[in-house]
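Just below is one structure, and these are the notes that go with it.
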Amino acid sequence: MLEEYLPFFGLIIFGNIENLILSSQGVVKGVNPRILGGLSIIIVLIWLVLGTVLTSLAIEYANIITFIGGLAIFILGVEAVYAAIKDIKSKGSE
């Protein structure tokens, strides 16, 4: 059973990294951590259900999906770092 999910192993790792990046963006923006945590849990559960149900349909596109997921993580990471640096510089010049 686990063998059918192995092509998506990279996406699982990327998904966890994406959740951390989005959380850090929320912290930088000053979002309430409890609301952010609750929303993160809800999104993770939605992805769990979608991943479980749609894996058999998406297995032939695993490489493409992993690439797109990795690219999205990279873009979100660059955006998060940029926003954090911008915020740090604005607080430092005050």
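Annotations for the structure displayed:
Per-residue answers, yes or no, for (1) touching a Leu at 6+ places or on another chain (Cβ under 9 Å); (2) of a type in the set (A, V, I, L, M):
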position: 3; (1), (2): no, no
position: 23; (1), (2): yes, no
position: 46; (1), (2): no, yes
position: 54; (1), (2): no, yes
position: 65; (1), (2): yes, yes
position: 83; (1), (2): no, yes
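- Restricting attention to region 50-94, the residues being more than 20 Å from residue 21 (Cα to Cα), in a helix (DSSP H, G or I), open to solvent by 90 Å² or more (accessible area, probe 1.4 Å) and of a type outside the set (S, T, N, Q) number 6.
- Boolean, residue 56 is under 30 Å from residue 91 (Cα atoms) and hydroxyl-bearing (Ser, Thr, Tyr): no
- Filter result for residue 30 (without any contact (Cβ under 8 Å) to a residue 40 or more places away in the chain, at positive phi and of a type in the set (Gly, Ala, Ser)): yes
- Hits in region 37-49 - residues which are under 19 Å from residue 20 (Cβ atoms) and either out of contact with any Gly (no Cβ under 8 Å at 6 or more places or on another chain) or open to solvent by less than 80 Å² (accessible area, probe 1.4 Å) (or both): 37, 38, 39, 40, 41, 42, 43, 44, 45, 46, 48
The values are calculated or read from the model by the stated rules, or taken from the named source; none is laboratory data. Quick caveat, the model's predicted, so the values are computed rather than measured. Virtual Cβ from ideal backbone geometry, glycine too; neighbours counted across all protein chains shown. Surface accessibility is based on the protein's heavy atoms, side chains included, excluding ligands, DNA and RNA. Shrake-Rupley method; radii C 1.70, N 1.55, O 1.52, S 1.80 Å.
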